[in-house]
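A.B. asks: Structure incoming, see below.
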Amino acid sequence: MRPGGQPNLQQLMQQAQKMQQQMADVQAELAEAEVTGTSGGGLVTVTLTGAGDVTAVKIDPKAVDPDDVETLEDLVLAALHNGTEAVRQLTEEKMGPVSGGLSLPGF
């Protein structure tokens with residue numbers, strides 16, 4: 001702070017630019033990261049990017065029962081929920097140090 005208690009505007013701008021660059025770097029890292037979600041003891045596995053995009057779904061043939069499609073649907077949904085939770089945790093882990101614990105919209 002400068003005399004009189006006023007913050008140095010140039011210093012604040014430099015800090016904001018540094019934080020913005022760090023956030024861009026983390027977003028790029030998250031976009032390249034992959035996480036998986038599973039359900040049914042591994043019968044269904046989904047792969048997601050750190051940005052939350054689903055890139056693959058694998059279903060063990062043992063999970064396929066034409067007379068019980070509802071269970072398979074539930075397994076896929078559970079695996080997706082598990083995967084999106086992994087994305088959320090990864091995002092918190094990567095963004096936390098950059099945001100200083102601030103809750104940022106969209107992250």
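Here, each number is a calculation from the coordinates, and none is a lab measurement. Quantities reported herein were computed from a predicted structural model and do not represent experimental measurements. Every residue, glycine among them, receives a Cβ derived from its backbone with ideal geometry; neighbour counts consider all protein chains shown.
A.B. asks: As I understand it, the value is the acute angle between the Cα axis of helix 69-99 and the longest principal axis of the Cα atoms of the chain; what does it come to in degrees, rounded to 10?
C.D. replies: Compared with the principal axis, the helix lies near 20 degrees.
A.B. asks: For a quick size check, give me the Cα extents of the chain along its three principal axes, largest first, whole Å.
C.D. replies: That gives 76, 21, 17 Å along the principal axes, largest extent first.
A.B. asks: Okay, moving on. Take the Cβ-Cβ distance between residue 24 and residue 54 as r, set R0 to 22 Å, and report the resulting FRET efficiency rounded to the nearest 0.05.
C.D. replies: Numbers: r = 24 Å, r/R0 = 1.08.
The computed FRET efficiency comes out at 0.40.
A.B. asks: Could the peptides 37-44, 60-67 be put in order, highest first, of the mean number of other beta-carbon atoms found within 10 Å of their residues?
C.D. replies: Details: 37-44: 17.5, 60-67: 10.0.
Answer by packing, highest mean first, reads 37-44, 60-67.
A.B. asks: Quick one: Karplus J couplings for the range 36-52, per residue in order, coefficients 6.51, -1.76, 1.60, θ = phi - 60°, nearest Hz, x for Gly and Pro?
C.D. replies: Each residue of the range 36-52 in turn: 10, x, 10, 8, x, x, x, 5, 10, 10, 10, 10, 10, 7, x, 8, x Hz.
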